[in-house]
């Protein structure tokens with residue numbers, strides 16, 4: 001997986017979306033937010049979370065650009081916030097969660 005700074009620098013999104021996501025970091029609760037976004041009962045690993053968030057964000061961005069009727073700016077901001085939160089989280093502070 002590319003480095004976080006590479007991924008984030010390649011995201012070209014409207015400034016208001018990124019600003020809203022940054023503001024959301026103050027309220028980001030990793031366990032609850034990631035379980036909600038990923039639809040899992042356990043908090044996913046950082047790698048799984050990032051992969052899932054990147055896929056979801058890409059779909060939301062496509063919907064936004066296409067003007068899809070089902071596009072939700074709230075969901076987009078929530079996913080971007082989680083993505084920023086995951087990339088800012090020091091690896092040493094993560095607890096290991098085993099799936100299975």
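The values are calculated or read from the model by the stated rules, or taken from the named source; none is laboratory data. From a predicted model like this one, the values you see are computed outputs, not experimental measurements. Cβ atoms come from the backbone with ideal geometry, glycine included; neighbour counts cover every protein chain shown.
Structure values in brief
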quantity: Residue among 54, 59 that is free of Cβ contacts under 8 Å to residues at least 60 places away in the same chain and farther than 18 Å from residue 85 by Cα; calculated: 59
quantity: Filter pass, residue 62 being under 18 Å from residue 11 (Cα atoms), modelled with pLDDT of 95 or more and surrounded by fewer than 17 Cβ atoms within 10 Å (Cβ to Cβ); calculated: yes
quantity: Of the criteria (1) surrounded by fewer than 18 Cβ atoms within 10 Å (Cβ to Cβ); (2) assigned to a helix (DSSP H, G or I), which one residue 33 fails; calculated: (1)
quantity: Search result, residues across the stretch 6-18 that are under 14 Å from the mean Cα position of the chain (by Cα) and either modelled with pLDDT of 95 or more or not in a loop (DSSP other than H, G, I, E, B) (or both); calculated: 7, 8, 17, 18
quantity: Subset of the stretch 62-80 [outside any helix (DSSP H, G or I) and in contact (Cβ under 8 Å) with a residue 12 or more places away in the chain]; calculated: 72
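Results for (1) assigned to a loop (DSSP other than H, G, I, E, B); (2) in contact with a strand residue (DSSP E or B) (Cβ under 9 Å, 6 or more places away or on another chain); (3) modelled with pLDDT of 95 or more; (4) within 21 Å of residue 11 (Cα to Cα), shown as yes or no for each residue.
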{"position": "40", "(1), (2), (3), (4)": "yes, no, no, no"}
{"position": "48", "(1), (2), (3), (4)": "no, no, no, yes"}
{"position": "54", "(1), (2), (3), (4)": "no, no, no, yes"}
{"position": "82", "(1), (2), (3), (4)": "no, no, yes, yes"}
